[in-house]
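Peer 1: One structure is given below, represented as structure tokens, and several questions about it will come after.
The values are calculated or read from the model by the stated rules, or taken from the named source; none is laboratory data. From a predicted model like this one, the values you see are computed outputs, not experimental measurements. Cβ coordinates were reconstructed from backbone atoms using ideal geometry, including for glycine residues, and neighbour counts include every protein chain displayed.
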Amino acid sequence: MTSKEIIQKHISKENPERIGFSFNEPHENDLPFVGYVNLINKHPELADWGYHECLLEQVKGFNGQVYLDEFGTIWGRLDELTLGEPVLGFLQTGPDDWARQIFLKEGYY
């Protein structure tokens, strides 16, 4: 049974032959890691902090700096000293807006 099959059996609660883990050989690949650098931002021109009008129009009443992350969430901050916080994303808009969000697809790794 492959590592992927073991994890799929865990998810579907089908009693796999062993516990899936990611520690030592020969099972080091049971739980894959998708690094931040592997995600592609579809709008790299909006990936840095700035006063992007197209993003500020979506977050009415917010006048700080904004940027768009790889998952389609708009982040905002009021000054250059903070890391910011999400100001508009699927948690704020609800399940009706989930179609525009970018999620990792099965088999991405």
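Peer 1: Output the number of the condition that PRO26 fails; it satisfies all remaining conditions of (1) in contact with a Lys or Arg (Cβ under 7 Å, 6 or more places away or on another chain); (2) of a type outside the set (D, E, K, R); (3) at pLDDT below 70.
Peer 2: Unmet for PRO26, out of (1) in contact with a Lys or Arg (Cβ under 7 Å, 6 or more places away or on another chain); (2) of a type outside the set (D, E, K, R); (3) at pLDDT below 70: (1).
Peer 1: Right, something else. Residues of region 32-46 being modelled with pLDDT under 90 and either closer than 14 Å to GLY72 by Cα or touching a Gly at 6+ places or on another chain (Cβ under 9 Å) (or both), which ones?
Peer 2: LEU39, ILE40, ASN41, LYS42, HIS43, PRO44
Peer 1: Of the residues GLY72, GLY20, GLY61, which is of a type outside the set (S, T, N, Q), at pLDDT 75 or above, part of a loop (DSSP other than H, G, I, E, B) and touching a helix residue (DSSP H, G or I) at 6+ places or on another chain (Cβ under 7 Å)?
Peer 2: It is GLY72.
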